[in-house]
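Shown next, in structure tokens, is the structure this report addresses.
The values are calculated or read from the model by the stated rules, or taken from the named source; none is laboratory data. If you're wondering where the values come from, they're calculated on a predicted model, not measured in any experiment. A quick note on method: Cβ atoms are made from the backbone with ideal geometry, for glycine too, and the neighbour counts reach across all protein chains shown. When the accessible area is computed, the model is the full protein with side chains, heavy atoms only, and any ligands, DNA or RNA have been set aside. Shrake-Rupley method; radii C 1.70, N 1.55, O 1.52, S 1.80 Å.
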Amino acid sequence: MKLTVHPLTPDLFPAITDLFGDQGPVSRCWCMYWRIGDEYRKRPREKNKASFWDVVKRGPPPGLIAFDGDRAIGWCQLTPRDSLPWMDQTWRLKRVDDKPVWSLSCFYIRKGYRKKGVTTALITAAIKTAKKAGAPALEAYPLDGDLSPSSTSTGYATTFKRLGFKIVARHFAPRPIMRYELK
């Protein structure tokens, strides 16, 4: 696998469209949930896609896209937490403090590429991107696989721990808030 990671800019929108496809939850959400909440479920997928396209065009890049050669194989939403207002509506993810953290709020890895290090590559690139942007810390909301057998679009706590993230809160036991301090 020839893995590279790039910020999602307008010229790469066709690649994210191919990755998200037209089946499954990611093709309906278009990373709008944390921006508009449950409203995304009431809208046609085309409207969510158009709203996400507006986010991408407006910039800065709302996340990172991983490629195997020319094929998009992974995605993570990476943005200042303030760009994701619905997170503040969720008691499980309530803010720990007033630090202007960046958030790694979701991942999507193409079938056939899962459990092959793509999530790790995206997290590593996210740390570098957030640091370069001057973020004081990077926050993530993974699932603790020891406490829940569920699958996850937010990654697993063990992956983040291995990369240096620390648990800073547990408002809900299976979903810790983890942080990587950048300053």
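Numbers for the structure displayed
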{"item": "Other-chain or far-sequence residues with amide H under 5 Å of Leu182's (modelled H)", "result": "Ala137, Leu138"}
{"item": "Residues of the chain: accessible area per residue with a 1.4 Å probe, Å²", "result": "52"}
{"item": "Antiparallel DSSP beta bridges within the chain, percent to nearest 5", "result": "85"}
{"item": "Calculated from backbone phi, Karplus (6.51, -1.76, 1.60) coupling profile of the range 149-156 in Hz, x at Gly/Pro", "result": "x, 5, 7, 8, 10, 10, x, 10"}
{"item": "Distance-filtered residues of the range 13-37 - backbone nitrogen under 15 Å, label point 7 angstrom along Glu46 Cα→Cβ", "result": "22, 28"}
{"item": "Descending principal axes extents, the range 15-81, alpha-carbon based, whole Å", "result": "36, 28, 17"}
{"item": "Amide H within-cut-off set for Ala169, under 5 Å, with H built and near neighbours excluded", "result": "Ile177"}
{"item": "Distant-in-sequence amide H partners of Gly63 (H built 1.01 Å from N, under 5 Å)", "result": "Leu8, Leu78"}
{"item": "Paramagnetic label zone (point 7 Å from Cα along Cα-to-C-beta, Leu147; backbone N under 17 Å) in the range 67-92", "result": "90-92"}
{"item": "Total charge dipole magnitude, the chain, about the Cα centre, Cβ charges on Lys, Arg, Asp, Glu only, Debye to nearest 20", "result": "240"}
{"item": "Reachable lysines from Lys183, criterion Cα separation under 24 angstrom, eight or more residues apart if same chain", "result": "Lys94, Lys99, Lys128, Lys131, Lys132, Lys161, Lys166"}
{"item": "The chain, helix-only ellipticity at 222 nm - DSSP H runs n ≥ 4, -39,500 (n - 2.57), divided by all residues, nearest 500", "result": "-8000 deg cm²/dmol"}
{"item": "Using a Förster distance of 30 Å, the FRET efficiency for Asp82-Phe13 (Cβ separation, nearest 0.05)", "result": "0.80"}
{"item": "Gaussian network model of the chain, Cα within-10 Å springs - most flexible of Ile167, Ile109, Ile65", "result": "Ile167"}
{"item": "Apportionment of accessible area to carbon and sulfur, the chain, percent (1.4 Å)", "result": "53"}
